[in-house]
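The values are calculated or read from the model by the stated rules, or taken from the named source; none is laboratory data. These numbers were taken from a predicted model, which means no experiment stands behind them. Cβ: placed from backbone, ideal geometry, glycine included. Neighbour counts: every protein chain shown.
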Amino acid sequence: RKEVEQDPGPFNVPEGATVAFNCTYSNSASQSFFWYRQDCRKEPKLLMSVYSSGNEDGRFTAQLNRASQYISLLIRDSKLSDSATYLCVGLNRDDKIIFGKGTRLHILP
Amino acid sequence: DVKVTQSSRYLVKRTGEKVFLECVQDMDHENMFWYRQDPGLGLRLIYFSYDVKMKEKGDIPEGYSVSREKKERFSLILESASTNQTSMYLCATRGGPPSYEQYFGPGTRLTVT
């Protein structure tokens with residue numbers, strides 16, 4: 001099993017809809033987790049950290065399920081500007097950062 | 001705000017040339033990283049550094065070397081560029097605990113012909 005795995009998509013979602021995607025991780029990538037956003041031909045930027053208790057930032061909610069070893073990102077009331085690739089990132093016990101390959105999201109007008 | 005800058009946004013080099021990619025950060029972070037990103041392969045770690053003059057191999061170090069003479073500057077060197085090193089190169093820094101967040105530079109798109 002790869003350390004961090006994501007569905008590559010693309011997810012094609014109408015504007016205003018709610019979209020969620022998951023990221024699964026193996027035991028080694030289990031210390032801390034993050035969601036990054038990457039626009040086309042740009043660098044990744046931190047979207048949000050993922051806390052054990054779950055956390056929300058405006059329309060975005062991140063959840064961590066340690067029992068099933070996945071993290072999720074929920075986007076409510078999606079906007080055209082949410083179109084991007086979303087990278088799941090884990091920090092393992094050796095302090096190594098593990099990037100998923102990303103999930104592409106297209107918000108349709 | 002953390003600022004990470006890279007010396008070039010676009011670079012075209014010939015096979016066999018020596019290539020220097022420079023990265024500078026202004027946040028006094030100890031940890032710095034070089035990645036390459038290719039379609040379908042995601043981000044792959046080339047080298048990283050935890051401190052001045054320290055360097056560690058990442059997952060794909062072959063064909064690359066690095067230099068960290070000052071805390072704020074981390075250079076990636078392609079000793080003899082090859083066409084399979086055509087890629088997007090991203091530099092990043094990382095803060096310490098508890099956040100561990102990474103901050104990326106804008107990237108250098110290198111084409112080797």
Would you mind telling me which numbered condition in (1) away from chain B (no Cβ under 14 Å); (2) modelled with pLDDT under 95; (3) out of contact with any strand residue (DSSP E or B) (no Cβ under 6 Å at 6 or more places or on another chain); (4) surrounded by 13 or more Cβ atoms within 10 Å (Cβ to Cβ) A:Asn27 fails?
(4)
Filter result (surrounded by 11 or more Cβ atoms within 10 Å (Cβ to Cβ), closer than 16 Å to A:His106 by Cβ and hydroxyl-bearing (Ser, Thr, Tyr)) within the stretch A:63-83:
A:Ser78, A:Ser83
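Filter the stretch B:22-40 down to the residues that are within 13 Å of B:Tyr89 (Cα to Cα) and within 14 Å of chain A (Cβ to nearest Cβ), then identify the one that is surrounded by the fewest Cβ atoms within 10 Å (Cβ to Cβ). Full working, then the answer.
Pass one, the stretch B:22-40, residues within 13 Å of B:Tyr89 (Cα to Cα): B:22-23, B:33-39.
Okay, now just the ones that are also within 14 Å of chain A (Cβ to nearest Cβ), so B:23, B:33-39.
Details: B:Cys23: 26, B:Phe33: 23, B:Trp34: 26, B:Tyr35: 28, B:Arg36: 23, B:Gln37: 20, B:Asp38: 12, B:Pro39: 8.
Across the stretch B:22-40, the extreme among qualifying residues is B:Pro39.
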Of everything in the stretch B:1-21, what is at pLDDT 95 or above, closer than 19 Å to B:Gln102 by Cα and surrounded by fewer than 16 Cβ atoms within 10 Å (Cβ to Cβ)? Give them in sequence order.
B:Thr5
I'd like the full set of residues that are within 14 Å of chain B (Cβ to nearest Cβ) and basic (Lys, Arg), limited to the stretch A:31-84.
A:Arg37, A:Arg41, A:Lys42, A:Lys45
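Using the structure shown, decide if A:Lys2 is free of Cβ contacts under 8 Å to residues at least 40 places away in the same chain, touching a strand residue (DSSP E or B) at 6+ places or on another chain (Cβ under 6 Å), within 12 Å of chain B (Cβ to nearest Cβ) and not aliphatic (A, V, I, L, M).
Details: free of Cβ contacts under 8 Å to residues at least 40 places away in the same chain: yes; touching a strand residue (DSSP E or B) at 6+ places or on another chain (Cβ under 6 Å): no; within 12 Å of chain B (Cβ to nearest Cβ): yes; not aliphatic (A, V, I, L, M): yes.
Spelling it out, it is not the case that A:Lys2 is free of Cβ contacts under 8 Å to residues at least 40 places away in the same chain, touching a strand residue (DSSP E or B) at 6+ places or on another chain (Cβ under 6 Å), within 12 Å of chain B (Cβ to nearest Cβ) and not aliphatic (A, V, I, L, M).
Could you list all residues from the stretch B:61-71 that are outside any loop (DSSP other than H, G, I, E, B) and surrounded by fewer than 16 Cβ atoms within 10 Å (Cβ to Cβ)?
Restricting attention to the stretch B:61-71, the residues satisfying the condition of being outside any loop (DSSP other than H, G, I, E, B) are B:64-70.
Listed by number, the residues that qualify are B:Ser65, B:Glu69, B:Lys70.
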Spans of strands (runs of 3 or more DSSP E) in the stretch A:26-68 with at least 3 residues more than 30 Å from B:Tyr10 (Cα to Cα):
A:55-57, A:60-65
Collect the residues in the stretch A:85-109 that are within 14 Å of chain B (Cβ to nearest Cβ) and not in a strand (DSSP E or B), keeping them in residue-number order.
A:Asn92, A:Arg93, A:Asp94, A:Asp95, A:Lys96, A:Gly100, A:Lys101, A:Gly102
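Pick from B:Gly42, B:Gly95, B:Gly105: which is closer than 22 Å to A:Phe33 by Cβ and out of contact with any Lys or Arg (no Cβ under 6 Å at 6 or more places or on another chain)?
Working: B:Gly42 fails: out of contact with any Lys or Arg (no Cβ under 6 Å at 6 or more places or on another chain); B:Gly105 fails: closer than 22 Å to A:Phe33 by Cβ.
The unique qualifying residue is B:Gly95.
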Against the definition (within 14 Å of another protein chain (Cβ to nearest Cβ), touching a strand residue (DSSP E or B) at 6+ places or on another chain (Cβ under 8 Å) and within 18 Å of B:Val112 (Cα to Cα)), how does B:Tyr50 come out, yes or no?
no
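So in the stretch B:55-66, with the set limited to residues that are free of Cβ contacts under 8 Å to residues at least 12 places away in the same chain and touching a strand residue (DSSP E or B) at 6+ places or on another chain (Cβ under 7 Å), which one is nearest to the other protein chains (Cβ to nearest Cβ)? Talk me through it step by step, then tell me what you get.
Let us first name the residues in the stretch B:55-66 that are free of Cβ contacts under 8 Å to residues at least 12 places away in the same chain, namely B:56-57, B:62.
From what's left, touching a strand residue (DSSP E or B) at 6+ places or on another chain (Cβ under 7 Å): B:56-57.
Working: B:Glu56: 10, B:Lys57: 12 Å.
Per the criteria, the residue is B:Glu56.
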